[in-house]
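The block underneath contains the structure these notes are about, expressed in structure tokens.
The values are calculated or read from the model by the stated rules, or taken from the named source; none is laboratory data. Computed from a predicted structure; not experimentally measured. Cβ coordinates were reconstructed from backbone atoms using ideal geometry, including for glycine residues, and neighbour counts include every protein chain displayed. Only protein heavy atoms, including side chains, enter the accessible area calculation; ligands, DNA and RNA are left aside. Shrake-Rupley method; radii C 1.70, N 1.55, O 1.52, S 1.80 Å.
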Amino acid sequence: MESVSELLTEQEAAIYDRQIRIWGADAQRKLSKARILVVGITGVVAETCKNIVLAGIGSLVLMDDSPMTFEASAANFLVPFDELEGQGNSIATVCASSLRDFNPMVQVSVEEGGISSKPDEFYDRFDAVIMGRSSLTLRTQVNEACRKRPHRVAFYSVDCRGTCGSLFVDLQRHSFTSKKAGDDKAAQQDISFPSLQEALNVPWSSFNKRTSKLLFALRIIDQFEVDVGRRPGQLSSQDLPDLISYRGKMCAIQKVPESFVPDNLLQKLASVGGTELPPVCAIIGGILGQELIKAMSCKGEPLKNFFFFDASDGKGIIECVVPSQMNDH
Amino acid sequence: MGSEEDRIAIEKEKVLMVGAGGIGCELLKTLVLTGFKHIHLIDMDTIEVSNLNRQFLFRKSHVGQSKAKVAREAVLKFRPGVDIVAHHGNVKNTEFDIDFFKQFSVVLNGLDNLEARRHVNRLCLAAGVPLVESGTTGYLGQVTVHIKGKTECYECQPKPAPKSYPVCTITSTPSKLIHCIVWAKELALAKLFGDKSQVSDLDVRTSVEGKSITSEVENDDVKFFELRSGESFRQFAARVFDRIFGYNIEIALQNEETWKARRQPDPLYLDKILPNQQEEEGSAAEENGNVVEIEQHPSVSAMATLGLKNPQKIWDVQENARVFLESIQLFFKRRSKDIGKLVFDKDDQLAVEFVTAAANLRAHSFGIPMQSLFEAKGMAGNIIHAIATTNACIAGLIVLEALKLLTNQTEQCRMTYCVEHPTRKMLLVPVEPAEPNSHCYVCSETPLVLEVNTVTATMRDVIEKVLKRKLGVDSPVIMQGSSLLYETGDDLEDDMAAHYASLLNKSLASYPTPITTGVVLTVEDYHQDFRCSLHVKHRETFDEETEPDGILVTGDIASVINAEQPTLQPKTPAADDEDLFNKEENGHGDDKKDDDDDLVMFTPETTAGTKRKLEEDENLLKEKLKNHHLLADFGRRSMSVVVFTSWPVHREKDRL
């Protein structure tokens, strides 16, 4: 006999009916306890937030003090049009308000201040952190901070630029149940993830030829932005010559030919700068949303550990980037 | 893609969205953010609570309102400058004719049923407008592009027919819970509370060798299921219980043939299941005498009255029996206005409770495992599981394809599959569209063969089972040579309408000019701008299990021309299609192919376009994805049970 407190409420059962039919009531309960932090709200992050709020996570904390601008709202449907009249609200505040509407059962709140100034214990409040567009330095910093905490804080970083989108996942050690394709019974499995820094340290020469070029192109751009002190996404076609010389330097260090990273890919990414394409945000936001749901419910095999999408060829590719000494799953 | 030039190019384009549900909400939002400024939206549904987990443009306060209208208003809040026209109506309505479709540069489907998809496909072909199709089921989804003359149309690849069960399986020999659920919905519920003037398809009298074979329902006097004077609701419910679970089973057991190789069902009697029930008996006077109309409460529930709180828990036999009795009583006490006209609705809590209990009791009788209300509801209501994330992803992919179509990049168009388990490292798998199927009866006007027993089948059978159900024709016009045999329309004169009606029930062979082997019927649908020709071929017998309809449609013209050749076996969907009806789809449980086989569906020869480029092992990939593709097409609104009205008189074994 199940205790009443363990049952989903009638409201939950009614609203979540269609998804409970996919992952079950137990997973739904686990999801309702998940505490998520989101840092940096771009279009793809807005999509992800919408997805996880609808799914019924426990709580969502938004961090983004940037002021509301037209540019910021270009790919973000959480911003009502009249907010753009410069009422002085931060992006986080405006988005939080819209997100609350989607699912009153989820606690949505805003945290002010920059993430780098938060003490280590700050992360104890969360089960997962999603970094939107940010410098590589900040991403690795936050990832390290998450990994130091006594309980597991899952880490995701996501960014969309023009026709391209990328996602990184670090669940540290993760246990989950899943049904392999064709099987009837669900089996318990364990999987471990490298940190972002460990993944970055994997030499390019160890990747096989079919690895997504986007992986390398984005590394080059990340490094460039850090080294010349650019705000992430603040690129233009004028930066192409510099990017090409960066490519030369990095490929030399990594002992791989420059053809690893095609000219046209760098050119495309440079000219698009930080502009997001809404359909790509929807796609990546859907994938990321689903990954977070899987991780928080411990149901379903998570993607390990990078995901790349380029609308130019339409492929959504998982790249597993692990140091050779790690027990590859 | 996505450049400023592109944005300017798409601003002036007019786009049609069909469907404002799961995919529709995501699609409308993404289209508008991307820069589309002129959008028409068609949807006939109103908002339900179970939509709210993913159709994010809607709020609880919107339940009951038009999806198309509310979606439009919600989107205008973040992009007021967009011109969105919301049509609350069925896309099959005549107002959405070829001229309507012609005004759009592209049509984007976010539908949940095969019927509407086929209809839109034909209109897009007729209007010459490219179509982007899509579908999702749980974690799976796909987006496909259909350009007339360049790629396959939506119907070039056969789609699985809606799941169907032979009558005898439902009425006499169930082997799975779904059979019991269909029985509970179509027989038990309908008989007690439905429209009695409607002859249920399952009420069948059969006659073989002069001996009357009766289905257990057929045995019942209609009067039996009416409340007797002086009888309390509880007494009525108990009487019904013993009849349908006890007495009728005993009758069925008398037919020893049926049970030679099958487990015999156990009759269930109330006094054995619930032995201490006297105190629960209400008095007739209380109920029937001075019936005070207790406020008619639409959300009345037997579970609530009985203290059963968890819809995911499987009730034991006693609990099922109690729910059965209680739900009947509650229908009388609180839902009396619905008695005599009740139609099953998955959101009708009391009806779902009754169906669950009745199905479970029957299942128990036949040794089939029982299920929870949650599971039973999914089966009875053909509920498709759904989440926001897949829909969002698919919507993004739809917009990308629309962009390619509208910026002269049609060579870049792809069919994209969103998979749960990575395929060659990919979660999103693009595949080049195939060329049109030269044997597709929709876009290539291939002639078809109609195999039918012309002596017993009527024109009504042909229209309902073949034209409407299999060929997806909505308003057929049927000609034999230059004679008009049948047409529909509001402007039909009375004498014409009467003439057609009189022909409907005539067997084909008894027509003024007999319709037999070799006759060619032309079928047209002006609304869909569809036409095809049916070459008739008489056939004496049909297999009851594999061909329950008694009519077949194939593309096998050669068999008509040379009538002496043995009939080629109609192709059944590929063996891989077993995956189509796995546990995830419609909650039907594992269906074995040897048991309830699908209706044989028209299968045009699927010849791959010779110029189609293949990626490495793409054939293998495509086969795997084809099943995935078809899975997501099959929707809630397609009938899950197709029961036929004519019983094949001459069965193979019993030839007279």
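Going by accessible area, probe 1.4 Å, with all protein chains left in place, what is the ranking of B:Lys309, A:Lys315, B:Lys60, B:Lys163, largest first? Don't skip to the end; give the middle numbers.
Values: B:Lys309 140, A:Lys315 70, B:Lys60 115, B:Lys163 5 Å².
Largest accessible area first, the residues go B:Lys309, B:Lys60, A:Lys315, B:Lys163.
The order of B:Lys176, B:Lys341, A:Lys255 by accessible area, most exposed first and with a 1.4 Å probe, is A:Lys255, B:Lys341, B:Lys176.
Among B:Glu5, B:Glu186, A:Glu47, the order of accessible area from largest down is B:Glu5, B:Glu186, A:Glu47, computed with a 1.4 Å probe on protein heavy atoms. For segment B:1-144, what does the alpha-carbon gyration tensor say about shape, rounded, prolate or oblate, given a ≥ b ≥ c as the root eigenvalues, a/c under 1.5 as rounded, and a/b over b/c as prolate? Taking the square roots of the gyration eigenvalues as a ≥ b ≥ c, segment B:1-144 is rounded. Counted by Cβ distance under 9 Å from A:Lys299, the other residues give a net charge of +1, where Lys and Arg count +1 and Asp and Glu count -1. Among the listed pairs A:Lys268/B:Lys67; A:Lys304/B:Lys309; A:Lys209/B:Lys29; B:Lys69/B:Lys185; A:Lys33/A:Lys118, a Cα-Cα separation exceeding 30 Å is found for A:Lys268/B:Lys67; A:Lys304/B:Lys309; A:Lys209/B:Lys29; B:Lys69/B:Lys185. Around the amide H of B:Val85, modelled in the peptide plane, lie the amide H atoms of B:Ile39, B:His40, B:Leu41, all under 5 Å away and 5 or more residues distant in sequence or on another chain.
The modelled label-to-label distance between A:Asn264 and A:Glu121, using points 7 Å beyond Cα along the C-beta direction, is 5.6 nm.
Summing charges over all other residues whose Cβ lies under 13 Å from the Cβ of B:Leu28, with Lys and Arg as +1 and Asp and Glu as -1, gives +3. At 1.4 Å probe size, with the rest of the protein present, what percent of the exposed accessible area of chain A is carbon and sulfur atoms? Of the solvent-accessible surface of chain A, carbon and sulfur hold 49 percent. Using alpha carbons only, how many angstrom separate the centre of segment B:428-484 from the centre of segment B:85-146? Cα centres, segment B:428-484 to segment B:85-146: 19 Å. The label point for B:Asp491 and the one for A:Ala186, both projected 7 Å from the Cα toward the Cβ, are 6.0 nm apart. A cut-off of 5 Å between modelled amide H atoms, ignoring neighbours fewer than 5 places along the same chain, links B:Lys14 with B:Ser105.
Per residue of peptide B:48-55, the mean number of Cβ atoms on other chains within 10 Å of the residue Cβ is 6. Summarising the label geometry, the points placed 7 Å from Cα in the beta-carbon direction at A:Leu200 and B:Lys309 lie 5.1 nm from one another. For segment B:448-555, what D do you get in µm² per second when you plug the Kirkwood radius from alpha-carbon pairs into Stokes-Einstein at 10 °C and 1.306 mPa s? The Stokes-Einstein estimate is 113 µm²/s. Got a sec? Which residues in segment A:132-171 would a label at B:Ser3 touch, if it sits 7 Å along Cα→Cβ and we count backbone N under 16 Å? Under cut-off, by backbone N: A:162-164.
For segment B:381-388, 3J(HN,Hα) computed residue by residue from phi via the Karplus equation (6.51, -1.76, 1.60; θ = phi - 60°) reads x, 6, 6, 9, 6, 7, 9, 5 Hz, glycine and proline entered as x.
For segment A:183-222, the residues whose amide N sits under 12 Å from a probe point set 7 Å from the Cα of A:Arg173 along the beta carbon direction are A:190-193. Here B:Val455 sits with roughly 90 square angstrom of accessible surface, probe radius 1.4 Å.
Within 10 Å of the Cβ of each residue in A:9-22, the mean number of Cβ atoms contributed by other protein chains is 6.
B:Ser502 to B:Glu95: extension gain in nm, 0.36 nm per residue of separation minus the Cα-Cα distance? If you can, show how the numbers build up before the last one.
Working: separation 407, 0.36 × 407 = 146.52 nm, distance 2.98 nm.
My answer for the length gained is 143.5 nm.
Need one word for chain A: rounded, prolate or oblate. Basis is the Cα gyration tensor (sqrt eigenvalues a ≥ b ≥ c); a/c below 1.5 gives rounded, then a/b vs b/c decides. Don't skip to the answer; put the middle values down first.
Working: a/c = 1.84, a/b = 1.28, b/c = 1.43.
Cα axes put chain A in the oblate bin.
Quick one: grab the alpha carbon gyration tensor of segment A:36-143, order the square roots of its eigenvalues as a ≥ b ≥ c, and give me rounded if a/c is under 1.5, else prolate or oblate depending on whether a/b is larger than b/c. Oblate shape, in that a/c is at least 1.5 and b/c is the bigger or equal ratio. Computed extension length for B:Thr522-B:Ser438: 28.3 nm, one decimal, from 0.36 nm per residue of separation with the Cα-Cα distance subtracted.
The mean number of partner chain beta-carbon atoms within 10 angstrom of a residue's beta-carbon across peptide B:413-420 is 3. Distances between placed amide hydrogens fall under 5 Å for B:Leu485 paired with B:Ile478, B:Met479, B:Gln480, all partners being 5 or more residues away or on another chain.
Backbone phi angles across segment B:405-420, fed through the Karplus curve with coefficients 6.51, -1.76 and 1.60 (θ = phi - 60°), yield HN-Hα couplings of 5, 8, 10, 6, 10, 4, 5, 8, 4, 9, 8, 10, 10, 9, 10, 7 Hz in residue order; Gly and Pro are listed as x.
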